[in-house]
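The values are calculated or read from the model by the stated rules, or taken from the named source; none is laboratory data. Worth saying up front: this structure is predicted, and the values here are computed from it rather than measured. Cβ: placed from backbone, ideal geometry, glycine included. Neighbour counts: every protein chain shown.
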């Protein structure tokens, strides 16, 4: 090889190397990011000055103002704060003390819980935050890594934690139940309640009774066999399971045609109630599956759309009452139940009352389940009337049909819905119920069941919502008579939770993004705050170091907003606002 | 082009078999099949997912002629059959009473009920 050849050869090799390097250089360098943390524990134990949460603390009818330790405020689900400082007059002085972003989209449906000066609040997609209840400082945090392809009919909410001893307990969308040390955020136990890929999920806060964490599954739109479970709160060990649909040969199985009970739904996705005096647990159940095609499941479909009274130690049934036998509208039975001791027709009586999703306000005797009264609490109810035994007399026009044109009221979401709360003021004898006023055309189709897939059988045409005709009310209802005393009307369905105070205030919010306070006696709005996010959360109140706070989770889920009320421009994104009265 | 080449091209063109008609196109001419496709859609797809009112939710409207995963009948069939990973759209293969034939009937129904103009009124169903 000549000298010139060597030079050309070297030049060629160099050029090729440059070309190769340039080509490689077009690829972005791989940046190694550290894994995103999902669990931040407390730097030092928090809330330690307060001892463990005991059964005695949970039993009291009136929870002290320095805490809010149950989703329902107390076992009777009053969501009524004893704070007298929160009045229609003082509400005008509420101002933001602090706010906190969840960093997630989807509906922010939680009720915060406060104990030992610490607030425990969950977000959509199962984030759990421990916050200083006075300042909002983040103390510890856990972001649950849910499994892929969750089976969720209606969004990714979580409605809060239960507190048992020194543990806070959260259910997850992938059907885990997880307990955390409330002081540190350390995980104490983590169990799988069900296989989420079969259609199960957990969205409710657990109810704590006798050191048992009781929680039920969602999945009525997937043809699951519904149930609720009791777990040893200290260890997570399973104690009992209550199926809401009977098995073969069990009582109630003959209320299902053929083997339809095997995929009968009847989820137990909301929160129960407990009467310490009689040691009775009350739990409600949801729709039979498939939702809108009852042809294959002829019969009453027990124990869907019901309330069950049980022994909390064993899960054995004491009595049941079914609100909507053979439901073909997805009316569920699991809106909030209130346990009230009051006069009924002039005589003292222990009542269980509920504004059912089907549009009727029910009054039962909670000692034996006897039906006492049902009255419509909505302005539009046409699917049925209720006879003197409590059984619906169904309007044939309202039955889903292949070519239905009939506007049936209420919509499948209700009325009231189990995803938000009402409140009860025992001094006024009024229960405050947010609701949707919308009708739908229920259409029946062809059902197809496969485990883990939607099992619906029809659809509710959202004709009112699409036409912009869906609206909402917050109604004050006489606890005993069911008569509506006043209504506050909003242009969109009222789907935010409710708080009542001993000072005569009611606090709730709108889908358009306002927190509102009303005079409990008149329904007059006395204060508004523009939160920006639609309200789907459950407000609470508490007092610490002489200062009064109101915590309101805001942030909605566009898909359900559109379903309920028509297309919305309100953006998603959870924000917790905490308001305070001046010292 | 030589005369022979031209002749060959014409022969090949004449022999080219037409694109086979999709089952959905066959069903489109059968009102009973379209009606069944509608009932399957109503029974499984339209409640909390695909609006029949041409309203966009997190699941897209299927009546506006806008397709995210291909607009051929076969593309729509494939999406229904196999699902869309990472979304709420499950795979319906092997689920419907009459199998693939029912999926094609759903495709036919969607074609029949779509309104492609802007400001489309609610889709009939």
Within the range A:402-413, is even one residue under 30 Å from residue A:81 (Cα atoms) and away from chain B (no Cβ under 13 Å)? no
With the structure loaded, tell me whether residue B:99 is surrounded by fewer than 22 Cβ atoms within 10 Å (Cβ to Cβ) and free of Cβ contacts under 8 Å to residues at least 24 places away in the same chain or whether it fails that test. yes
Among residues belonging to the range A:210-247 that are touching a helix residue (DSSP H, G or I) at 6+ places or on another chain (Cβ under 8 Å) and surrounded by fewer than 24 Cβ atoms within 10 Å (Cβ to Cβ), point out the one that is nearest to residue A:269 (Cα to Cα). A:225
Looking only at residues in the range A:508-528 that are under 20 Å from the mean Cα position of the chain (by Cα) and either surrounded by fewer than 19 Cβ atoms within 10 Å (Cβ to Cβ) or touching a residue at least 40 places away in the same chain (Cβ under 8 Å) (or both), which one is nearest to residue A:107 (Cα to Cα)? A:511
Of A:462, A:466, A:481, which residue is touching a residue at least 24 places away in the same chain (Cβ under 8 Å) and either within 18 Å of residue A:337 (Cα to Cα) or away from chain B (no Cβ under 13 Å) (or both)? A:481
Which one of these is crowded, with 17+ Cβ neighbours inside 10 Å and assigned to a strand (DSSP E or B): A:179, A:194? A:179
Farther than 30 Å from residue A:262 by Cα, touching a helix residue (DSSP H, G or I) at 6+ places or on another chain (Cβ under 7 Å) and touching a residue at least 12 places away in the same chain (Cβ under 8 Å), is that true of residue A:475? no
Could you name every one of the strands (runs of 3 or more DSSP E) located completely within the range A:380-426 that has at least 1 residues being surrounded by fewer than 16 Cβ atoms within 10 Å (Cβ to Cβ)? A:384-386, A:392-394
Within the range A:103-117, does at least one residue satisfy the condition of being more than 21 Å from residue A:69 (Cα to Cα), modelled with pLDDT of 95 or more and away from chain B (no Cβ under 14 Å)? yes
With (1) farther than 17 Å from residue A:413 by Cβ; (2) out of contact with any helix residue (DSSP H, G or I) (no Cβ under 6 Å at 6 or more places or on another chain); (3) within 14 Å of another protein chain (Cβ to nearest Cβ) as the list, and residue A:445 as the residue in question, which single condition is left unmet? (2)
Based on what the data block shows, is residue A:118 crowded, with 22+ Cβ neighbours inside 10 Å and within 27 Å of residue A:198 (Cα to Cα)? no
